[in-house]
Amino acid sequence: MAELLFWPALLAYSEAAVAYLNDVRHPGVAGRLATWGVRVGWLVQTALLAVQATRANGFPWSTWGGSLNLFVWFVVGAYLIWGCQPRYRLLGLAVLPLAVLLFILARVGGGTGVGSRSHYSNLFLVLHVGLVLAAFAGFTLAAALSALYLWQERRLKRRESSILRLRAPALSRLDEVAARTIAFALPALTLGIAVGIARLRERGGGFDVLMAVTIVTWTVYAASLALRHLAGWRGRRAAYLVLAGFVLVAVVRLALPVTHFAT
Amino acid sequence: MSIVLVGISHHQAPVELRERAALDRTRAAELAQALAGGQGEAVCLSTCNRTELYLADESGDAAEEKAESELGPALYRLRDEEAALHLFRVAAGLDSMIPGEGEILGQVRVAHEAGATGPLLDRLFRQALQAGKKARSQTAIGESPASVSSAAAALAEQVFGDLEGRTVLVVGAGKVGEAAIRNLVSRGATIASVANRTGERAEELTQRFGGEALSLDRVQDELVRADVVLSSTSAPGWVLTREQVEQALHARKGRPLFLIDLAVPRDLDPAIHELEGCYLYDIDDLEAVVAETLVGRRREAERAETIVAEEADRFRAWQASLDVVPAITSLRARAEQIRDAELRRAKLNDAERRAAESVTAAVLNKLLHLPTIRMKQASPLRPRGRALKSASLIGRPLPVQAPTAFVRVRRRRLCGQTRVKRTWCRADPRRFPRQ
């Protein structure tokens, strides 16, 4: 059942990714098709996750593949908050292809089937893995918003005459939404890290590279919020900082997790 | 009833001729009433780009003569379907100088309200207004700005989003900047201050748009709190330099600043645009944006043409169905005559008569229902002027034989485009039993 749900979800996300591309050239129907593709895909993926949780009778996403699956669900879910608005459809152009790619990787990593239950407690997994993944999904979305900010800012600086033909969200709005997303994601990451460290101190265990990079990531995003409020770091500088933080998120999510999941 | 349109527009007539034919609202209403003459219908649509008379009466030629006598050497005359399609295009802004401009829809509405309309022109104008709205809502023809001042306001929205609560510093109180001020204010921006060489004109502007009147030497201080700077002075040198703006940026804490320079020679140092968070657009930049959006409007106009053509088709079908109304009326009258005569011949008491009247009325209605529907459906197929006439059916057998074919219009929506396909199909013989 879980395996069967993967394909319609992937199909819906892929349709949305292609439709977003088409929406840039012919705005209108393609954009609406894309939004519906995201909605349908997300609902099917929710059903997939529900089936996985029911079969495993717990939290089956503590593996690398499983965590990617849950991460995609968080990213698309967070995107849906703004993605339904026509102005933010350009964001879908960055988010949906990424979601499709990660969803395929999740399947290759065995994260979309019925996995075995982890030896960790459900509460710990929800608090640690769930919160960290939710925070990373928020940072991913903030990075997409920042990338869109830089692109729109570049168009304004170059005084592109086509700027009103292909309209992006306003600069100030992109800047605010990215900052607000980080403001929501950072506490989740803080709590997720705290739960992980508490367990490490209680049960013992080594401090690995992934943990170190995660803490550096936390520092970068905390600094971006602090600089924004204290030193007026907005706009271009803030966008670059958010993108730098996202590079660390990508490293944590894709390059280092194998060692961490093994411990 | 025929529709006749006689008019002149910017396509053929220079302004010297158009201004002679132009009518204000009152005169247009009076003319419509006079042309209608109690029994006919007339609407006069007069804008800066066109003066058009729409008339409807039994004899189209008479209406045309009447209209021509008013407009003199009229430059174009259209009838029925062509006149309807023309009005639909006008309402959608497709016949305007700037495709999709929004003002024309209001002008058509005013003309409709002031006109002497009957069933035909009322329906025509209502459907034209509907077509205009549809073309604007289903395409992006009216979305992009068509003037420098509206482009400036639209660009400010690209930086700030909603302009509600954003403050504007106006430098120079000349006529040039007024349209831009109006555009910014209509989108929710607040005029914080107006700086001008002479205080009198600045005061005048602040009374109309709000804000505080300032002298030019206080402009730099005001930069700290302004979100948009709109400059249009006639000063020969820079009113604001890069250094002045750079100093103000420290106190702005990273808030973006959008600067509009409408002056020639320019007021604002172009180097300001290089500063982080500052976006400076001069008149050439704005004109380039407008030119680009007009290209986009023309592209959207092609999609709007399809919508308008569909609406014109619908109107044509409705108008054609009007031609069979007299035929249907006479058919029903003739059937009622026969029913009455037969009932009178029968020797019935009161109770039996009431029952027989009720039964025969029901039978008659059921018998005539299908031919009535089919006559209405078949009427759009017939060429105008050759539709079923009232006298032609009286005394003949009912047209119960199935029409050999009818037009079926299929609309298929695909990627925002509507395709209309006409196919010839045989009518269902079960619904048209042969006698």
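With both labels modelled 7 Å from their Cα along Cα-to-Cβ, the B:S137 to A:S162 distance reads 3.0 nm.
Rounded to 0.05, the FRET efficiency of the B:A271 and A:R155 pair, given R0 = 22 Å and the Cβ-Cβ distance, is 0.65. If the viscosity is 0.890 mPa s and the temperature 25 °C, what translational diffusion coefficient in µm²/s does Stokes-Einstein give for the protein assembly as shown when Rh comes from Kirkwood over Cα pairs? The Stokes-Einstein estimate is 78 µm²/s.
Computed on the Cα atoms alone, the convex hull of the stretch A:123-168 gives a volume of 48 cubic angstrom per residue. Using every pair of separate Cα atoms, the Kirkwood estimate puts the hydrodynamic radius of the stretch B:2-138 at 14.5 angstrom. Between B:R353 and A:V247, the simple label model (points 7 Å from Cα in the Cβ direction) yields a spacing of 10.3 nm.
Please work out the FRET efficiency for the pair B:Q377 and B:D340, using the Cβ-Cβ distance as r and a Förster radius of 41 Å; give the result to the nearest 0.05. Between B:Q377 and B:D340 the formula returns 0.90. Counting only Cα atoms, the size of the stretch A:120-263 along its three principal axes is 61, 30, 23 Å, in decreasing order. This ranking places B:D57, B:D162 by how few other beta-carbon atoms lie within 10 Å of each, fewest first, which gives B:D162, B:D57.
With each label modelled as a point 7 angstrom along the Cα→C-beta vector, the A:E176-B:E103 pair spans 3.4 nm. A straight chain from B:R316 to B:A291 at 0.36 nm per residue would run longer than the Cα-Cα distance by 5.3 nm. Bridges between two residues of the protein assembly as shown, per DSSP, are antiparallel at a rate of about 55%.
Computed from the C-beta positions of B:R201 and A:V126, the FRET efficiency with R₀ = 51 Å rounds to 0.15. Between the residues B:N196, B:V159, B:S149, the greatest Cα displacement towards the positive end of the dipole of the stretch B:143-199, with unit charges on the Cβ of Lys, Arg, Asp and Glu, is found for B:N196. Sorted fewest first by neighbouring Cβ atoms within 10 angstrom, B:E157, B:E243 come out as B:E243, B:E157.
For chain A, a crude dipole built from +1 on the beta carbon of Lys and Arg and -1 on the beta carbon of Asp and Glu, taken about the Cα centre, is about 840 debye to the nearest 20. Taken about its Cα centre, the protein assembly as shown carries a charge dipole of about 3620 debye when Lys and Arg each add +1 at the Cβ and Asp and Glu each add -1 at the Cβ.
Think of the stretch B:148-283 as a dipole: +1 on every Lys or Arg Cβ, -1 on every Asp or Glu Cβ, centred on the Cα centre; then among B:G254, B:S234, B:L205, B:L205 lies furthest on the positive end. Ordering B:A351, B:L78, B:V6 by the projection of their Cα atoms onto the charge dipole of the protein assembly as shown, which places +1 on the Cβ of Lys and Arg and -1 on the Cβ of Asp and Glu, puts B:A351 at the extreme positive end. For the stretch A:120-263, a simple Cβ point-charge model (Lys and Arg +1, Asp and Glu -1, everything else neutral) yields a dipole of about 700 debye relative to the Cα centre. Taking only the C-alpha atoms of chain A, the Rg (one decimal) and the largest Cα-Cα distance, Dmax (whole number), read 18.8, 62 Å. Just so you know, the Rg over Rh for the stretch A:1-116 is 1.01, from Cα atoms, with Rh as the Kirkwood radius. As a proxy for reagent exposure, ranking B:V229, A:V132, B:V43 by other Cβ atoms within 10 Å from fewest up yields A:V132, B:V229, B:V43.
Where a number appears in this text, it was derived from the coordinates with a stated rule and is not lab data. These numbers were taken from a predicted model, which means no experiment stands behind them. So basically every Cβ, Gly included, is an ideal-geometry build from the backbone, and we count neighbours across all protein chains shown.
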